[in-house]
């Protein structure tokens, strides 16, 4: 990273950390400190243990899906290797405040093992992307389980946004070349209008946004096209990817249910199913450090719509955060005992900053 970019990165991290603290301060005040402390003292050992078992099942499900996707290219990686790298990814994503994400790390180590960084990167992307697509579907359909939720803008607007994203990805999948040609024509017209305009003008900013959007669209379309072609050739793998994605989100509902039960609260399971995807979408807005505060706030806000008390939901959200940190610590142990080569961290950082993995045969 350039010397000019380092201060900007530090300022961004500090701002996000400050926003996280503000979110938590508001949440603690809203939930009531005494009520929250009373909840945290009511830990049920049985549900506490079961909750960690479900978390392990979720990670295992994600690893199995990753294995199916990476095997599409004829590469073979053992489940133990993938699990270890998945845990290392949790460490980078949840415990390390850097610009190196967990997906980049596990893509790097998988690519080094199979000798092809491109195949590894696409498999990691599609493992995440298929889950994101299904999350969008859930955000659209699951509120129908509770009549009246769609009448609320805070539910309808995210569902409409999810529908728009699904339409965009469908356009990329089926009419990718046509969409990119349209973007190119739009960029050419904007380039003529913006000729000579300062880079910080409205036209200049619009031009930069269009170029960024085209670059992202090209990358996503390329990865989607290759993997969809392989999945069409292997229907069994396609069914496995779909089934494992459905299983993961079913386990996510159970995970939240057990987290509530850990504090002696019997939640409305249908209510959890109806709004969890919406809360997860809202909680993923990148304005805080590692979604700290905003994810917990989204749970409190949305589950209150189905009758859950803020103190109980905040205790549940904090427990989910505690489990993420615990898995991250397991990832740290895996990382420290991993047979690294010298300068591995620098290579991963370069891949993050340049977007050029290297190492392909």
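Structure values in brief
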| read-out | value |
| --- | --- |
| R0 of 51 Å, Cβ-Cβ distance residue 79-residue 157: FRET efficiency to nearest 0.05 | 0.80 |
| Tail beyond 22 Å, pair distance distribution of region 234-339 (Cα, percent) | 41 |
| Relative exposure of 253, 66, 175, judged by other C-beta atoms within 10 Å (fewest first) | 175, 253, 66 |
| Förster radius 25 Å - calculated FRET efficiency between residue 14 and residue 338, Cβ distance, rounded to 0.05 | 0.25 |
| Net length gained if the chain between residue 228 and residue 330 were fully extended (0.36 nm per residue, minus Cα distance) | 33.3 nm |
| q = 0.13, 0.14, 0.17, 0.21 Å⁻¹, region 50-105: log10 I(q)/I(0) [Debye, one scatterer per Cα] | -0.37, -0.42, -0.60, -0.84 |
| Residue 166 versus residue 285: modelled label distance in nm, points set 7 Å from Cα along the beta carbon direction | 2.2 |
| 313, 227 arranged by Cβ crowding within 10 Å, fewest neighbours leading | 227, 313 |
| Contact order relative to length of region 48-158, as percent, for alpha carbon pairs under 8 angstrom and 6 or more apart | 18 |
| Taking 285, 70 and counting other C-beta atoms within 10 Å, the order from fewest to most | 285, 70 |
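Values in this text are rule-based calculations from the coordinates and carry no lab data. These numbers were taken from a predicted model, which means no experiment stands behind them. Cβ: placed from backbone, ideal geometry, glycine included. Neighbour counts: every protein chain shown.
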